[in-house]
1. Quick check on L468: is it open to solvent by less than 10 Å² (accessible area, probe 1.4 Å), assigned to a helix (DSSP H, G or I) and either without any contact (Cβ under 8 Å) to a residue 24 or more places away in the chain or touching a strand residue (DSSP E or B) at 6+ places or on another chain (Cβ under 8 Å) (or both)?
2. Restricting to region 395-429, count the residues that are closer than 30 Å to P198 by Cα and either in a helix (DSSP H, G or I) or not β-branched (V, I, T) (or both).
3. Report, ordered by the first and then the second residue, all pairs with beta carbons closer than 9 Å, sequence separation of six or more or different chains, a first member in region 299-324 that is more than 23 Å from L362 (Cα to Cα), and a second member that is open to solvent by 70 Å² or more (accessible area, probe 1.4 Å).
4. For region 317-333, state whether one or more residues are touching a Lys or Arg at 6+ places or on another chain (Cβ under 9 Å), surrounded by 23 or more Cβ atoms within 10 Å (Cβ to Cβ) and closer than 23 Å to L370 by Cα.
5. I'd like to check something: does region 443-463 contain any residue that is under 24 Å from G228 (Cα atoms), more than 28 Å from the chain's Cα centre (by Cα) and touching a residue at least 60 places away in the same chain (Cβ under 8 Å)?
6. Looking only at region 219-240, count every residue that is surrounded by 19 or more Cβ atoms within 10 Å (Cβ to Cβ) and either part of a strand (DSSP E or B) or among the hydrophobic types (A, V, I, L, M, F, W, C) (or both) and tell me the total.
7. Could you say whether any residue in region 258-273 is within 30 Å of Y184 (Cβ to Cβ), open to solvent by 30 Å² or more (accessible area, probe 1.4 Å) and touching a Leu at 6+ places or on another chain (Cβ under 8 Å)?
8. Check N206 against each of (1) modelled with pLDDT of 95 or more; (2) within 30 Å of Q429 (Cβ to Cβ) and name the one condition it does not meet.
Amino acid sequence: MTGGSLNLRTGSYGSLQQHLQNSVALPIQSPPISARKPPKMLPPGSKEKEWIILPWICKFCGRRKVGMLLLLITSVVVILSIVSILNKDAPAGPEINLFSSDHVWTMVNYSIKSPSAFVYPLVSVNNHTLNLSLSTKRVDAADLPVQTQSPSIIPVPHPCKKFSLPSLQTDKKRTGPRPCPVCYVPTEQVVFYMPTLPSKSPVLKNLSYVIEENSISNESTGGFVFGGYPSLNQRNEYFDIKESMTVHCGFVGGKKPGQGTGFDIDYDDLVEMDKCHGVVVASAIFGKYDVMQQPRNISEISKRTVCFYMFLDEETEAYIKNSSGLDDTKRVGLWRIVVVRNLPYADARRNGKVPKLLLHRLFPNARFSLWVDGKLELVVDPYQILERFLWRKNVSFAISRHYRRFDVFEEAEANKAAGKYDNASIDSQIGFYKSEGLTHYSDKKLPITSDVPEGCVIIREHIPITNLFTCLWFNEVDRFTSRDQLSFSTVRDRIMLSVNWTVDMFMDCERRNFVVQAYHRDLLEQWKAISASRLPPSSLETKESLNKPSPQDRVARSPPMEAKESLNKPSLPDGVARSPPMRKLPVRRKKSGSRKHRTRAVNSKDAVTF
């Protein structure tokens, strides 16, 4: 191959590229005429240029790279042509605007009553756009700027529109609850579905709370000082919902929640809690009852805009300082630690109901909250959970229903059987609700799907009607037993009789999709003690004890898996030894092509017995 041919290919490749881009036939740079003979005959007229270019195209189209280039350029031209045709056919003006097109709006939003309820905040990787510098401790979701770019980046239709729950496979070997698939919006798109305006609160618009410095106890009504001892007449009046109401809602007898009321919190922590204007993820551990679980799979936007708060008592704080190394920053992973002093109840479970049901009082400026019990580990981003269970359904309160029980009477019997509370107190509470009209759950209550929630997770929007619901629910816990599953349906149903509002109850398997349940600390420590008792003996033991181990020692010295297997084996009567496993005898294979190996009769002396 000569240098002239190389120059020819280079020049012709560039000329072809320019020809396709500019759609103009440019002069082809070529070596002298002697290097290639021109055609003898050329058609006259305008076809002369075509016959000149045709040999060059036929020569180079056979080459792989040039052919691929032509195919790529042709595809680009076709795509651009289709896009230009669609742009010409698309209507102009406000009809293509997402916020004013009713047709497009119904594709994006399935349940919001009016498009004005949504203004999507702009999310960008650029920290300046979100004003999310690394030095900033927290940026509230309410402070995010409003979207000014084209809304075409919002997926249309909804990413989960075609999702359907697959049929659950039954496994006879595995009984009990398990998670099921849930469709979440991707984290980079989920904040576009956050409403900037609060949901409508039916009837109730203004809700205030009772603050009395000197509460008088009335033993006939029950309750504690922290709840303010509301009378039965006041309790009944609170279910008659009006536009403006003042109700008992804990924290009675102090200046503000967390100051002089019981459940006291340091002033610095209260200041930080007041700064949270967006989403709150809260949990609590009292009495060292659980081990702190760190959230996983949390997006960067959630780490900067979501408030993660863990409430502890002084006993649990001391335990965490020894185990997790809690320092002056008051942070353990994503959790900001808040130590609570002067607890209002002697029961740690009842103390845990204060932040669980009264988060709107501890975080008065928050818009949304996600409560997670201390034994649970959050494994899905909070924004994805809010979009899936609140915003997509246009509801303001969501909780999962119990996976097995739907009737309050059955739940009461299960609590008594498990020793969750004093049986007489449970019977008294159920008897009181029954006198008010509580009945067994049946299909007549549909579309209500259950009367028994799995209350370890609560997803809510802080609006007056949901705040009232949790206040009255807490009053029932303060008056009766701390088992909040027993009082849930009574408060819900009585509010539903007054206003058009209800609680959305989703399947328990969906809850198990975004939280993982761990074991309580006392059970873990019990297992740890059992494992420690099975450790090898110390070097101070005598040589004889090592040479003659007992059966228990043999189990203790075995590896964990072997110890587990040995414990699972059935026990034998005294004096009966367990037979060793049968060993397989080596099999002698006859070599191919050998005639010396013959079958030998086995003599009685050579017989082997097993």
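1. In short, yes.
2. 6
3. That search, which allows pairs on different chains as well, returns S299/E188; I301/E188; K321/D327.
4. Checked region 317-333: no residue is touching a Lys or Arg at 6+ places or on another chain (Cβ under 9 Å), surrounded by 23 or more Cβ atoms within 10 Å (Cβ to Cβ) and closer than 23 Å to L370 by Cα.
5. no
6. Residues meeting the conditions: 1.
7. no
8. Just one mismatch for N206, condition (2).
The values are calculated or read from the model by the stated rules, or taken from the named source; none is laboratory data. This one's a predicted model, so the numbers in the text were calculated from it and none came from an experiment. FYI the Cβ positions are ideal-geometry reconstructions off the backbone, even for glycines, and counts take in every protein chain you see. Remember, those area values only see protein heavy atoms, side chains included, never the ligands or the DNA or RNA. Shrake-Rupley method; radii C 1.70, N 1.55, O 1.52, S 1.80 Å.
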